[in-house]
Each structure stands twice: as structure tokens, then as C-alpha cells.
Amino acid sequence: MSKLFGKGASYLHLTAYFLLGLALAGPVRLSFYFYTKPFWDLLIDGLLVAAAVVLALRWVQDRGKYLIVLIPFLALSWMRVEFILFSKAEIYVVFSYLFIALWGMGFGATWKFFDTNTNKVTKTLLSILMLMGGLVLGQFGWSYPLVPVASVLFLVSLLISVLESGQNGKKSNFVSLAVLMTALFLVINSLLPTPRFYESQSKFHDKVVYSYTTPFQRLDITEWKGNHWFYQDGINQFSSIDSWLYFEPFAHPAMQLVEEGGRVLIIGGENGMLARELLKYKEVSVDLTVVDREYLRLSRSLSYLSEQRGEIFDEPKLNVLEGNVFQVLNRASEVYDAIFVDVPDPIDIELNQYFSKEFYELCHEALKDRGLLVTQSGSPYFATTAFQSIQKTIQAADFRVEAYHNQVLTLGEWAWTIGIKSESELDLKAAMKALDFKTVETRWINNEAMRMMLSFGKSYVTSGDVKINTIKEPVIYKYYNSGNYQLQ
């Protein structure tokens, strides 16, 4: 054994297999991170790794052993590259197979490079020990500090191995190349972002690129093929694929009915997407009162959101109000031409209050004579009772209401409810059917779309005795969470 550890090739063998273990730890860790049931993924990758090793042992001959220089690259880059490419679909698969093939060649090259005089049993046991050591340590996130250190030890061992051979020429050039390549790998590795693992990843199929929990809710952003989905408490709010199919119907029907120079209020809307649509009207001033002030702070700086809506928080026509929502409504009397309620679905008692009779009564007082109230109302087909309760509750707050809906690709069927003060003489449905939206830049909504959205056809469920939602008797969050199960 002393002879074994007296040779540079032996040290090279130990560090190389340790690096190979660290390299393999990356995709194994990612499989447990991205997949709730990683067994089949690991089995397939394991078979591919075994096949790559067998082929490499047969293919790698004397000159092929110089492929050992690939090992630091694999250890430094495999997990980082796969993590970056995971949401890129096809290219992720291509690189996964490429790295597996390179790993097999690195394994075969290390086997050939090792001191051939060493007992094969000892050689095999040491290979397994160092490989498993790197694999296990890499699962605990220790690969980040260990890989650069092990890469330097790898280079030193390689240098000692060549010096002990007493040869120069091609071998010395090979060492120079190995040093240069490893240094380049270290530089590239420092430029690649360190993978950030989020606890909420287990709740999503797509890659989570941002997650944060505020005092009110958990915010998650996922990515797939360059597009992003935005979640609040695990519920999809909108996507970069089709955000206009949600926010244009939310904003423009009411805004087309607001007189020039009007003043509107957004309740919630911390992501700024609704404000972006409202600010398309040059003569309208927009006030924003938020439910989650921490979300607003994040939204101002989060690039994923600013890419969608632009820097609308710098617009002078947008005024972010101090105080909570109920304080703002209590001090506003016949101030606004329209109020937009852009809050998450009523999944709990906290959010239930923004769909209550008392809340809508405060909105009623804050609106001018022909003032309009607009709120998102969930799915009319999958949460029918909650949808109908919202309409009934708004009516109880002295509004005349109309509902409309749209098929949003990434959300499904979604609805909004618009209310106008009962004393107004405006025929709301007729006025909405006549809207042409020619005075504002839109990507989708027009007169044909508006007429379509006002049509529901026959209801396929009978909701029976739907209750009005109040602070004292909250029901909407129960209706919402049970969906249509109670109607079956």
C-alpha cells in the first residue's frame, strides 16, 4: 500500500474519482429537487452512465487516457449547466446525455491512467470509495467549496505523475494543456450562477426561479421555455404567455365607460400589471392602495415583473397611497370614477373580507354617482357558488351588476364582475356591448370579444340558496375552497 501512495498516478487516481463522484452528485441532487418521484429518472440516467462507462473502457486506449482533463470541467460545470438549462426543454436533454457520455469517458480515462502495477482489487475498492465519497458529500451541497480544491489537487497529482515518469515532450505539453483548461474551467465556473434551491419547488412541475414569503402570502415565479408563471399562495395569477387575456378584460371595459379626466383606485394590484393597462389612458389618474406592502416593495425591484409591465411605478400619474385599504376607503367619499379590486382568490378568512358586503359598501361610498366597481370573480365553472355569491354580495351593497368571462390559456375560464351604483340610469350591459376599444392600444380585446365575454349560455349547475358574504358570516372562502364539489 505504501507503494500505491508513493506514486503521483495514485494521487491522481484518488482525486479524479473523487471529482467524478462530485460531478455525478449534481444531476442526482437535481433529480430529487425537480421531481417528486425521481426513481425512473435516476434509473434511466444510471443505466446510461453504466453504458457510457462500459463503452469508454472498451474505447479508451493509451492516447484516450488524456481525456482525464475533462474531469475538473464535469465537476465544476455539470450541475450548474443542467440547473440553468432545466427550463429549456429539449436542450436540457441534449446536454444531460452529453455530460453522461463525457463522464463515462472521464471514468475510462482515469482507469487507464492509473498505475497498472497496482493490485486490481485494491484499485477497484479505492475507485469505489473515492467515487462514493464525492457522490455522498456532493448531496449536502459541499461540492461548491470541494470542487475547486479537489481540482487543484488533481492538477498537482497530474504534474507529479508526469515528473515521476521521467519524460517530457508530449506529456509536459499535456500537463500545460490540463493546467490551462482547468484554469479556464474555474473562470467559467465563477461566471455561472450558483444554483438556488427553493423549498416550494416540490409544488411545481416547472422550475422555480424566485420564491419569497411575505407576512401575507407566498410568492413564486416559475419558468418554462423562456416564459414565466406568477403564483400567489400556489395559485397562478398570470403568465407572460397570455397576461393580456386576463388584464385587458379586467381593465378596459370599465375604463371605456369612465369619463375623460377620471380618477380610479386600484385595491391590491401590487404586481403593477393592472396599473399598466389603466395608465394607457392619458387623462386618467390612478391611486393604488395595497393589501401586501412587502409584495409592492419586491415588485418595484423584481426584474421578472418589470419585464412584463415596464417601470410603471415611476409614472407621475400613479400615486401609491399610505394606510391600509379600509383606511383609504373610509376617508374617500364620492372620489372615484372606478374602483378595481385586484386581490388574490378568497382562499382564507383574511382574503374573504375583500369580497364581503361591508367592503363593497365602503367602495360604494367612495364612488361618484356613475362610479363603477370591478373585481375578479374566479372561475364561473369550477367555483360556481363562489362566483354567484360575489355577484349577490355586490348587489346587496346597492349595485347593479353584470358578469363577464374569458378563456385564459394558462388559467382556464375566468370571470369578472362589474357593478354600477343602483341610482345610475346607465344600461350597463347595453353600454358594454357597444364598446369598440378603438381609443386604446390593446392586443386582444375588441367589440366582438366584449360581446362574447358577456355571454354565459345556460348554467350547467344550479347553485341553490347562495348566501351573501359578510364579515360576521364569511362564506365565500368556504364556497371557493369546496369548488363545485358540494353541488354534485
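The values are calculated or read from the model by the stated rules, or taken from the named source; none is laboratory data. Worth saying up front: this structure is predicted, and the values here are computed from it rather than measured. Please note: Cβ atoms are built from the backbone with ideal geometry, for glycine as well, and neighbour counts cover all protein chains shown.
Would you mind stating whether Leu409 is surrounded by fewer than 22 Cβ atoms within 10 Å (Cβ to Cβ), over 23 Å from Met273 (Cβ atoms), of a type in the set (A, V, I, L, M) and modelled with pLDDT of 90 or more?
Details: surrounded by fewer than 22 Cβ atoms within 10 Å (Cβ to Cβ): yes; over 23 Å from Met273 (Cβ atoms): no; of a type in the set (A, V, I, L, M): yes; modelled with pLDDT of 90 or more: yes.
No: the conditions fail for Leu409.
Quick one: in the stretch 330-352, of everything that is in contact with a Lys or Arg (Cβ under 7 Å, 6 or more places away or on another chain) and surrounded by 15 or more Cβ atoms within 10 Å (Cβ to Cβ), which residue is farthest from Pro249 (Cα to Cα)?
Val335
Which residues, counting only those in the stretch 303-335, are among the acidic types (Asp, Glu) and either touching a strand residue (DSSP E or B) at 6+ places or on another chain (Cβ under 7 Å) or under 15 Å from Gly269 (Cα atoms) (or both)?
The answer is Glu311, Glu322, Glu334.
If you go through the stretch 27-60, how many residues are among the hydroxyl-bearing types (Ser, Thr, Tyr) and assigned to a helix (DSSP H, G or I)?
2
Show the residue pairs that are 6+ apart or on different chains and have beta-carbon atoms under 6 Å apart, the first residue being within the stretch 390-413 and assigned by TED's automatic domain parsing to the domain that holds Ser356 and within 22 Å of Lys368 (Cβ to Cβ), the second being assigned to a loop (DSSP other than H, G, I, E, B) and not hydrophobic (A, V, I, L, M, F, W, C).
Thr393/Asn469; Asp398/Ser422; Arg400/Ser422
Looking at the stretch 128-144, which of the residues that are at pLDDT below 80 and over 16 Å from Leu74 (Cβ atoms) is farthest from the chain's Cα centre (by Cα)? Can you show your working first?
We begin by selecting, within the stretch 128-144, every residue at pLDDT below 80; these are 140-144.
Keeping just the survivors that are over 16 Å from Leu74 (Cβ atoms) gives 140-142.
Numbers: Phe140: 24, Gly141: 22, Trp142: 26 Å.
If we take residues in the stretch 128-144 being at pLDDT below 80 and over 16 Å from Leu74 (Cβ atoms), then Trp142 is farthest from the chain's Cα centre (by Cα).
Looking only at residues in the stretch 441-481 that are modelled with pLDDT under 85 and not polar (S, T, N, Q), which one is nearest to Tyr354 (Cα to Cα)?
Filtering the stretch 441-481 for residues that are modelled with pLDDT under 85 and not polar (S, T, N, Q), the one nearest to Tyr354 (Cα to Cα) comes out as Asp465.
When you check Glu413 against the structure, is it in a strand (DSSP E or B), at negative phi and out of contact with any Asp or Glu (no Cβ under 9 Å at 6 or more places or on another chain), yes or no?
yes
Among the numbered conditions (1) touching a helix residue (DSSP H, G or I) at 6+ places or on another chain (Cβ under 6 Å); (2) without any contact (Cβ under 8 Å) to a residue 60 or more places away in the chain; (3) farther than 27 Å from Asp348 by Cα, tell me where Ser422 comes up short.
With (1) touching a helix residue (DSSP H, G or I) at 6+ places or on another chain (Cβ under 6 Å); (2) without any contact (Cβ under 8 Å) to a residue 60 or more places away in the chain; (3) farther than 27 Å from Asp348 by Cα applied to Ser422, the lone miss is (1).
Looking at Gln327, Gln308, which one is buried (at least 17 other Cβ atoms within 10 Å of the Cβ) and in a helix (DSSP H, G or I)?
Gln308
Give Val440, Val466 a once-over and let me know the one that is surrounded by fewer than 18 Cβ atoms within 10 Å (Cβ to Cβ) and assigned to a loop (DSSP other than H, G, I, E, B).
Val440
What pairs can you find where one residue is in the stretch 472-483 and closer than 10 Å to Thr385 by Cα, the other is among the hydrophobic types (A, V, I, L, M, F, W, C) and surrounded by 17 or more Cβ atoms within 10 Å (Cβ to Cβ), and their Cβ atoms are less than 6 Å apart, with a gap of 6+ or different chains?
Ile476/Phe355; Ile476/Ala386; Tyr479/Ala386; Tyr480/Ala383; Tyr480/Ala386; Gly483/Ala383
Does any residue in the stretch 59-72 that is assigned by TED's automatic domain parsing to the domain that holds Phe185 and surrounded by fewer than 21 Cβ atoms within 10 Å (Cβ to Cβ) come within less than 6 Å, Cβ to Cβ, of a residue that is at pLDDT below 80 and in a helix (DSSP H, G or I) six or more places away or on a different chain, and which pairs are these?
What qualifies is Lys65/Lys112; Lys65/Phe113; Tyr66/Phe174.
Of the residues in the stretch 188-203, how many are at pLDDT below 85 and either of a type in the set (Gly, Ala, Ser) or in contact with a helix residue (DSSP H, G or I) (Cβ under 6 Å, 6 or more places away or on another chain) (or both)?
The total comes to 3.
Kindly indicate the residue of the stretch 88-127 that is surrounded by fewer than 21 Cβ atoms within 10 Å (Cβ to Cβ), in a loop (DSSP other than H, G, I, E, B) and not β-branched (Val, Ile, Thr) and also modelled with the highest pLDDT among those meeting that condition.
The residue in question is Ala89.
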